[in-house]
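Input: a single structure, listed below in structure tokens.
The values are calculated or read from the model by the stated rules, or taken from the named source; none is laboratory data. Just so it is clear, the model here is predicted, and its values are computed rather than measured. For neighbour counting, all protein chains shown are included, and Cβ atoms are generated from backbone atoms with ideal geometry for every residue, glycine included. In case anyone asks, the SASA skips ligands and DNA or RNA and just uses the protein heavy atoms, side chains included. Shrake-Rupley method; radii C 1.70, N 1.55, O 1.52, S 1.80 Å.
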Amino acid sequence: MATVTVVDHPLVQHKLTLLRDKTRSTKGFRQLLNEIGTLLAYEVTRDLPLEPVTIETPIQAMEGRQIQGKKLVLAPILRAGVGFLDGMLSLLPSARVAHVGLYRDPETLQAVEYYFKAPSDLADRTVLVLDPMLATANSAVAALDRLKARGGADLRFVCLLAAPEGLERLRAAHPDVPVWTAAIDSHLDDHGYIVPGLGDAGDRMYGTR
Ligand SMILES: O=P(O)(O)OC[C@H]1O[C@H](OP(=O)(O)OP(=O)(O)O)[C@H](O)[C@@H]1O
Ligand SMILES: O=c1cc[nH]c(=O)[nH]1
């Protein structure tokens, strides 16, 4: 069974509290999500394998270390996953990007796909699947199903808030996929919203309703 890591770094927790606040502006919400994205990218890449590489400093040759293998893929689930993207790309500027367009039907809470575009060589790359909210996990499971069908094998899921119900479902459907989250909240309400949560992430990011 893959791990669930709660990123309890003080900067992440401080920024998360600011972002949850219902009085936070659209601009502030977006900026904080971006900043937390950078911090989560640092945590989720902590165990990437390194390989030796010979370089020359101005003084002499030496053996340095570089990240092994092909560039990572960042796979935001639209829309709210895009909120992490720029912050992560600032740390991982050569990463490839896969877009997974899904929305959650408000009645059934099932994920409905409307767009998918990913690099063709997913099988050779580590893929970070991004979505701030893991509620029922219907969206996360659908995105992971789709990425695996396209060859993705080394997948990691990165979110901001997770509900216990969503974590359980994700681990049952994709036990090989480790999860990073900034917090595990209390439960889901009758409409599938995370409690205490932060409301609708996509609406708060883009100022829609
Ligand atoms: O775990 P789940 O129950 O599937 O819920 C989580 C999903 O809900 C939100 O997206 P939403 O469907 O509201 O789409 P949007 O980002 O386009 O607003 C969120 O960004 C996740 O993708
Ligand atoms: O609390 C929730 C649940 C799903 N999607 C959101 O944006 N927020």
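Provide a single number: the residues in the range 177-209 that are aromatic (F, W, Y) and either in contact with a strand residue (DSSP E or B) (Cβ under 6 Å, 6 or more places away or on another chain) or at positive phi (or both).
1
So for the range 148-157 (the condition being buried (at least 22 other Cβ atoms within 10 Å of the Cβ), assigned to a helix (DSSP H, G or I), within 14 Å of ligand 1 (Cβ to nearest atom) and within 16 Å of the chain's Cα centre (by Cα)), does at least one residue qualify?
no
Cβ contacts < 8 Å: first residue touching a residue at least 60 places away in the same chain (Cβ under 8 Å), restricted to the range 5-21; second residue assigned to a loop (DSSP other than H, G, I, E, B) and surrounded by fewer than 16 Cβ atoms within 10 Å (Cβ to Cβ), any location; separation 6+ or different chain. Result?
Once the first residue is touching a residue at least 60 places away in the same chain (Cβ under 8 Å) and sits in the range 5-21, its partners that are assigned to a loop (DSSP other than H, G, I, E, B) and surrounded by fewer than 16 Cβ atoms within 10 Å (Cβ to Cβ) give R20/P196.
Quick one: in the range 69-86, of everything that is over 20 Å from D200 (Cβ atoms) and of a type in the set (G, A, S), which residue is surrounded by the fewest Cβ atoms within 10 Å (Cβ to Cβ)? Walk me through it before giving the result.
So the first thing to find is which residues in the range 69-86 are over 20 Å from D200 (Cβ atoms), and the list is 69-75, 86.
Of the ones still in play, those that are also of a type in the set (G, A, S) are 69, 75.
Working: G69: 13, A75: 31.
This residue is G69.
Can you name the number of the only condition in (1) β-branched (V, I, T); (2) open to solvent by less than 20 Å² (accessible area, probe 1.4 Å); (3) out of contact with any Gly (no Cβ under 9 Å at 6 or more places or on another chain) that I36 fails?
Only one criterion is unmet by I36, namely (3).
Yes/no matrix, rows are residues, columns are (1) within 21 Å of G152 (Cα to Cα); (2) in contact with a Phe, Trp or Tyr (Cβ under 6 Å, 6 or more places away or on another chain); (3) more than 16 Å from ligand 2 (Cβ to nearest atom); (4) charged (D, E, K, R):
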residue: Q60; (1), (2), (3), (4): no, no, yes, no
residue: E63; (1), (2), (3), (4): no, no, yes, yes
residue: V73; (1), (2), (3), (4): yes, no, yes, no
residue: L89; (1), (2), (3), (4): yes, no, yes, no
